[in-house]
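Scroll down for the structure; my scribbles are underneath it.
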Amino acid sequence: QVQLVESGGGLVQAGDSLRLSCAASGRFFSGYAMAWFRQTPGREREFVAAITRYGAHTNSADSLKGRFTISRDNANNTVYLQMNSLKPEDTAVYYCAAGPLTSPNSRSYSYWGQGTQVTVSS
């Protein structure tokens, strides 16, 4: 069982940077691929980025490539999302997820955190 807790969200201005963290429980963190998704009211959950078990491979949504970067620190059971050049349309609840492999499909992930709010003002 993997338990995930996101942190690092907040209110920022357009153009600012923010780093989200996802702390995972237990010694088995490295056994899971990890991902970030985001969701706004009235919209489906949107894929942001994913990373393989040991960080050998990452992928991200095409629209976010070059601006958002996922990374992980297995020694500390933590995955990060570095967000740069934030835009108002990035405003959403950001969720951390764990699953058997990287995928842009939210249904591929077995475990989810409760989310952290990111609000970008203009």
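The values are calculated or read from the model by the stated rules, or taken from the named source; none is laboratory data. Just so we're clear, the structure is a prediction, and the values are computed from it rather than from any experiment. Neighbour counts run over all protein chains shown; Cβ positions are idealised from the backbone, glycine included. Areas reflect the complete protein model, heavy atoms only, side chains present, ligands, DNA and RNA absent. Shrake-Rupley method; radii C 1.70, N 1.55, O 1.52, S 1.80 Å.
What are the residues in the stretch 96-115 that are under 10 Å from the mean Cα position of the chain (by Cα) and more than 22 Å from Tyr54 (Cβ to Cβ), if any?
Correct list: Gly115 only.
Looking at the stretch 45-63, which of the residues that are part of a loop (DSSP other than H, G, I, E, B) and closer than 15 Å to Asn105 by Cβ is least open to solvent (accessible area, probe 1.4 Å)? Before you say what the answer is, go through the steps one by one.
Of all residues in the stretch 45-63, those part of a loop (DSSP other than H, G, I, E, B) come to 45, 52-57, 61.
Checking which are closer than 15 Å to Asn105 by Cβ leaves us with 45, 61.
Details: Arg45: 78, Ala61: 17 Å².
So, considering only residues that are part of a loop (DSSP other than H, G, I, E, B) and closer than 15 Å to Asn105 by Cβ, the one least open to solvent (accessible area, probe 1.4 Å) is Ala61.
For Thr119, are the conditions met, namely being open to solvent by 70 Å² or more (accessible area, probe 1.4 Å), among the hydroxyl-bearing types (Ser, Thr, Tyr) and in a strand (DSSP E or B)? Show your work before the answer.
On the way: open to solvent by 70 Å² or more (accessible area, probe 1.4 Å): no; among the hydroxyl-bearing types (Ser, Thr, Tyr): yes; in a strand (DSSP E or B): yes.
Here the answer is no, as Thr119 does not meet what is asked.
Answer yes or no as to whether Gly55 is over 22 Å from Thr119 (Cα atoms) and either within 10 Å of the chain's Cα centre (by Cα) or not charged (D, E, K, R) (or both). Even if it seems obvious, please write down each step before you answer.
Numbers: over 22 Å from Thr119 (Cα atoms): yes; either within 10 Å of the chain's Cα centre (by Cα) or not charged (D, E, K, R) (or both): yes.
When the stated conditions are applied, Gly55 passes them.
Take the conditions open to solvent by 50 Å² or more (accessible area, probe 1.4 Å) and either more than 16 Å from Leu4 (Cα to Cα) or of a type in the set (Phe, Trp, Tyr) (or both) and apply them to Asp90. Does it pass? Don't jump to the end; show me each part of the working.
On the way: open to solvent by 50 Å² or more (accessible area, probe 1.4 Å): no; either more than 16 Å from Leu4 (Cα to Cα) or of a type in the set (Phe, Trp, Tyr) (or both): yes.
Taking the combined requirement at face value, the residue does not satisfy it.
How about the stretch 1-44: which of its residues are under 20 Å from Pro104 (Cα atoms) and either open to solvent by 70 Å² or more (accessible area, probe 1.4 Å) or acidic (Asp, Glu) (or both)?
Hits for the stretch 1-44 are Glu6, Pro41, Gly42, Arg43, Glu44.
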